[in-house]
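Trainee: Handing you this structure, nothing more for now.
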Amino acid sequence: MYIIAYVINLLLFACITWAQPNYQIEGLYAFYNNTDGINWNWKPGEGKQWNFNNNSTPCNYIALERWQGITCSLSDTGNLTLSNITGIDLQVFGLDGEIPSDIQLISTLERLNLKGNKVGGTIPSIISNLTNFVDLGLQTNNIISPLPYLGRTLLHLNIGENKLSGTFPTVLGQSTQITELQMFHNMFPGPFPDVFMYMPGLKNLEIGDCNFTGTLPSYLSTLPMLSKLDIVQNNLTGSIPIEFGSLTRMKVLFLSLNQFTGTFPTFVFDMSILEYLDLGNNKLNGTIPNEIGSLSRLEQFVMDLNSFTGTLPTSLCTMSNLVIISVSGNQLNGTIPINIGNTSADLFMLNMGENRLTGSLPSSLFNGRSHHLKILAITDNILTGTFPDYVESGMILSLLDIAKNYFTGTIPHSIAKLAHLTGLELRENSFSGTFPESYCGLELFDLVLDSNVMTGILPTCLGAMPDLHVFSAKENYLQGSIPDSIGDARSLRTLVLSSNYITGNLATTVNMPSVLETLDVSKNEITGPLPLYMFQFEYLQAFVATGNCMSGSIDASVCDAPSLRSLVLTGLHASPACSEVYAFGAYTYTALGGGVPSCLFAMTTLRSLYLSGNGLSGTLADVSTNSILQNISLSFNRLSGTIPDSWQTRASSMRSLDFAFNRFSGTLDKVTFDSD
């Protein structure tokens, strides 16, 4: 079909007499056909589609009459003609193919931007013949090596997120006028290249995620115009060259996700106009100097996942332009500066998690200047005390994570004043009291209250939280049944209530939301049979009900669950509230009715099956070749007969298989074991 369309277009094209030079139309036409132009994604309201079947021209004073993606300039006579085409900008247009060498026919072309398409192959070397060409943007395509010489006039090259590989293209060193070079997310294993020393006007260098190894060369400090250096996610080692202090025009310094060693690079204090500093995920140590406050223009300060010690610099509280402070995953100690909430009116994120911070939570975080704070994460520290009683109602905080600390007192009701909150993490503290019904008025997506000392019952208002995706309150002291109103929580995907004292009958008294993906009600006192209606849910992936007071049998209808990956029903009647007889101190032998449904071994989604300690009887069915089971436990039951050959031959390829403490007979002559 495409070949016929191409031939028809070619015949029509040959019959047209153009007022403008045909060779430029030929260049556009070759580009159109080489990149599957017939299937481009045209943008409504952004000009005309390219049309080679009439006398329309790409250039026009009226934007809507101009061909999409085409820019033009006036000719010497003041007329817009084809000879004035200076740019092609077709970002995310659905291009698929290669750039043709006939692109050179558009001799006045200055800019070509094809970001976000499926352009592949190599860049035609003939592009270096375009004497006015200054800007090539090919980010997020499928361009492969080798990279050709691109001419001496080139100023901007963005070829990030492609499929370039092998040795870094030294030919770039011949394009000495380059000021912006972006080649991130390609694959150039080997030492950091030296070609950049031949680009004295280089301002912006972005070469992250290119698999460079070795040390970072000091010659970069001789590039006087350099204002942005982004080399994140490589494998660079050694110290950061002290000579970088001479880069006084530096505004953006991103060196994260490498293996740099040494102490905090104090040379950055010479970069007086520095705005963004990211040294996260390296192997830096020592303290963070209080002189950081001298960088008055700093907006982003990221030191995550290093080994910094000492206290958090109090000078951070004086930096009025800070938007992001992130120092998680270090060994910082001491208290949080009392005025940290007065740092900046524009502070957006404050992340101090996974350190050794002590003391209480400063009240300035909730009633200070930082009204634009959206992310506050202080998880996994040694903070104590109660949550501040007063919270400024004008705050726009969307994520509050104070998990894994030593906070006490009642579950903080003041949090309900955070009207924009969508994520709340209070797990692994010592908060007590009942669930605040005022939380139901928040537009929460995630609410995690695990491992506290909450008491009381779950409120019926949980069903009035239409945006709630995750609710987890495991390892508390909650009682009563799950409110039937939970079925009104139409967005709820994950419900975890394990290790409480929940009662009730899931099959008859609770209407779970049909979009549920994970339900974990293990280690409670739930009674009645399995809620078989839930196994009709389209998205259910995990059902966990271990250690309850349930009865009945495991019905074959559980196999109807189309997405089920994990079924954990160990000791369905093994809760201390209802069991008396234990086998080896682990599982009750209070028998459920029936056996193991054979259809479980034919499910094409199920990966983990745990049915131990249920007193199940009968024989073991064959496992289907279509089954993807990797973990199975049927121990402490009353299964009998022989273990089928299909299980024996499959055993060595599974992660875990436990058939212990049953009544099987026969031999295991088909079982094979790895020599390891």
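The values are calculated or read from the model by the stated rules, or taken from the named source; none is laboratory data. Bear in mind that the values here come from a model prediction, so they are computed numbers and not experimental data. Quick reminder, even Gly has a Cβ in these numbers, built from the backbone with ideal geometry, and neighbours come from all protein chains shown. We work out accessible area using only protein heavy atoms, side chains counted, and drop any ligands, DNA or RNA first. Shrake-Rupley method; radii C 1.70, N 1.55, O 1.52, S 1.80 Å.
Trainee: Report whether or not Leu274 is within 25 Å of Gly190 (Cα to Cα), among the aliphatic types (A, V, I, L, M) and open to solvent by less than 10 Å² (accessible area, probe 1.4 Å).
Mentor: Criteria not met by Leu274.
Trainee: State all residues of region 290-326 that are open to solvent by less than 40 Å² (accessible area, probe 1.4 Å), of a type in the set (Gly, Ala, Ser) and part of a loop (DSSP other than H, G, I, E, B); if no residue qualifies, say none.
Mentor: The one that is open to solvent by less than 40 Å² (accessible area, probe 1.4 Å), of a type in the set (Gly, Ala, Ser) and part of a loop (DSSP other than H, G, I, E, B): Gly310.
Trainee: Mind checking which pairs have a first residue in region 229-258 that is of a type in the set (S, T, N, Q) and a second that is part of a helix (DSSP H, G or I), Cβ under 7 Å, 6 or more apart or different chains?
Mentor: Close Cβ pairs satisfying both conditions: Ser246/Ser221; Thr248/Asp270.
Trainee: Looking only at residues that are over 21 Å from Arg297 (Cβ atoms) and of a type in the set (D, E, K, R) in region 335-383, which one is surrounded by the fewest Cβ atoms within 10 Å (Cβ to Cβ)?
Mentor: The residue in question is Arg356.
Trainee: Ok, one more. If a residue has to be assigned to a loop (DSSP other than H, G, I, E, B), among the small types (Gly, Ala, Ser) and at pLDDT 95 or above to count, how many in region 548-569 make the cut? Show your work before the answer.
Mentor: We begin by selecting, within region 548-569, every residue assigned to a loop (DSSP other than H, G, I, E, B); these are 548, 551-552, 554-555, 561-565, 569.
In the following step, the residues that additionally are among the small types (Gly, Ala, Ser) were identified as 551-552, 561, 563.
Narrowing further to those that are at pLDDT 95 or above: 561, 563.
Residues in region 548-569 being assigned to a loop (DSSP other than H, G, I, E, B), among the small types (Gly, Ala, Ser) and at pLDDT 95 or above: 2 in total.
Trainee: Limited to region 425-458, what total is found for residues that are among the β-branched types (Val, Ile, Thr) and crowded, with 18+ Cβ neighbours inside 10 Å? Talk me through it step by step, then tell me what you get.
Mentor: Of all residues in region 425-458, those among the β-branched types (Val, Ile, Thr) come to 434, 448, 453, 455, 457.
Then drop every residue that is not crowded, with 18+ Cβ neighbours inside 10 Å, which leaves 448.
Of the residues in that region, 1 qualify.
Trainee: Turning to a different aspect of this structure: Being open to solvent by 40 Å² or more (accessible area, probe 1.4 Å), farther than 25 Å from Phe188 by Cβ and modelled with pLDDT of 95 or more: is that true of Asp89 here?
Mentor: yes
Trainee: Now, a different point. Pairs under 8 Å by beta carbon, first residue free of Cβ contacts under 8 Å to residues at least 24 places away in the same chain in region 37-59, partner basic (Lys, Arg) and open to solvent by 40 Å² or more (accessible area, probe 1.4 Å), six or more apart or different chains?
Mentor: From region 37-59, the pairs are Gly47/Arg66; Lys48/Arg66; Ser56/Lys48.
Trainee: Another one. Would you list the strands (runs of 3 or more DSSP E) that sit entirely within region 81-176 and hold 2 or more residues that are free of Cβ contacts under 8 Å to residues at least 60 places away in the same chain?
Mentor: 85-89, 111-113, 118-121, 135-137, 156-158
Trainee: Among the residues of region 459-490 satisfying the criterion of being out of contact with any strand residue (DSSP E or B) (no Cβ under 7 Å at 6 or more places or on another chain) and hydroxyl-bearing (Ser, Thr, Tyr), which is surrounded by the most Cβ atoms within 10 Å (Cβ to Cβ)?
Mentor: Looking at residues that are out of contact with any strand residue (DSSP E or B) (no Cβ under 7 Å at 6 or more places or on another chain) and hydroxyl-bearing (Ser, Thr, Tyr), I get Ser485.
Trainee: Regarding Ser398, is this residue open to solvent by 10 Å² or more (accessible area, probe 1.4 Å), polar (S, T, N, Q) and more than 14 Å from Asn339 (Cβ to Cβ)?
Mentor: Considered against the rule, which asks whether it is open to solvent by 10 Å² or more (accessible area, probe 1.4 Å), polar (S, T, N, Q) and more than 14 Å from Asn339 (Cβ to Cβ), Ser398 comes out as yes.
Quick grid of which residues meet (1) closer than 22 Å to Leu421 by Cβ; (2) touching a helix residue (DSSP H, G or I) at 6+ places or on another chain (Cβ under 7 Å); (3) modelled with pLDDT of 95 or more:
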| site | (1), (2), (3) |
| --- | --- |
| Ser328 | yes, no, yes |
| Gly334 | no, no, yes |
| Ser344 | yes, no, no |
| Gly353 | yes, no, yes |
| Leu365 | yes, yes, no |
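Trainee: Would you pick out the residues in region 146-175 that are open to solvent by 20 Å² or more (accessible area, probe 1.4 Å), within 20 Å of Phe133 (Cα to Cα) and under 25 Å from the mean Cα position of the chain (by Cα)?
Mentor: Selection gives Asn158 alone.
Trainee: Taking Ser125 as meeting all but one of (1) among the polar types (S, T, N, Q); (2) loosely packed, with under 15 Cβ neighbours inside 10 Å; (3) within 28 Å of Asn41 (Cα to Cα), write down the number of the exception.
Mentor: Unmet for Ser125, out of (1) among the polar types (S, T, N, Q); (2) loosely packed, with under 15 Cβ neighbours inside 10 Å; (3) within 28 Å of Asn41 (Cα to Cα): (2).
Okay, residues lined up against (1) over 23 Å from Asn614 (Cβ atoms); (2) open to solvent by 10 Å² or more (accessible area, probe 1.4 Å); (3) without any contact (Cβ under 8 Å) to a residue 40 or more places away in the chain; (4) aliphatic (A, V, I, L, M):
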{"residue": "Thr503", "(1), (2), (3), (4)": "no, yes, yes, no"}
{"residue": "Pro513", "(1), (2), (3), (4)": "yes, no, yes, no"}
{"residue": "Val521", "(1), (2), (3), (4)": "no, no, yes, yes"}
{"residue": "Pro529", "(1), (2), (3), (4)": "no, yes, yes, no"}
{"residue": "Thr546", "(1), (2), (3), (4)": "no, yes, no, no"}
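Trainee: While we're looking at this one, here's another question. Scan region 621-645 residue by residue and report those that are open to solvent by 10 Å² or more (accessible area, probe 1.4 Å) and over 15 Å from Met603 (Cβ atoms).
Mentor: Matches in region 621-645: Ser633, Phe636, Arg638, Ser640, Gly641, Thr642, Ile643, Pro644, Asp645.
Trainee: Select from region 28-59 the residues that are at pLDDT 95 or above and of a type in the set (Gly, Ala, Ser) and write down the one among them that is farthest from Ile126 (Cα to Cα).
Mentor: Looking at the filtered set, the residue picked out is Gly37.
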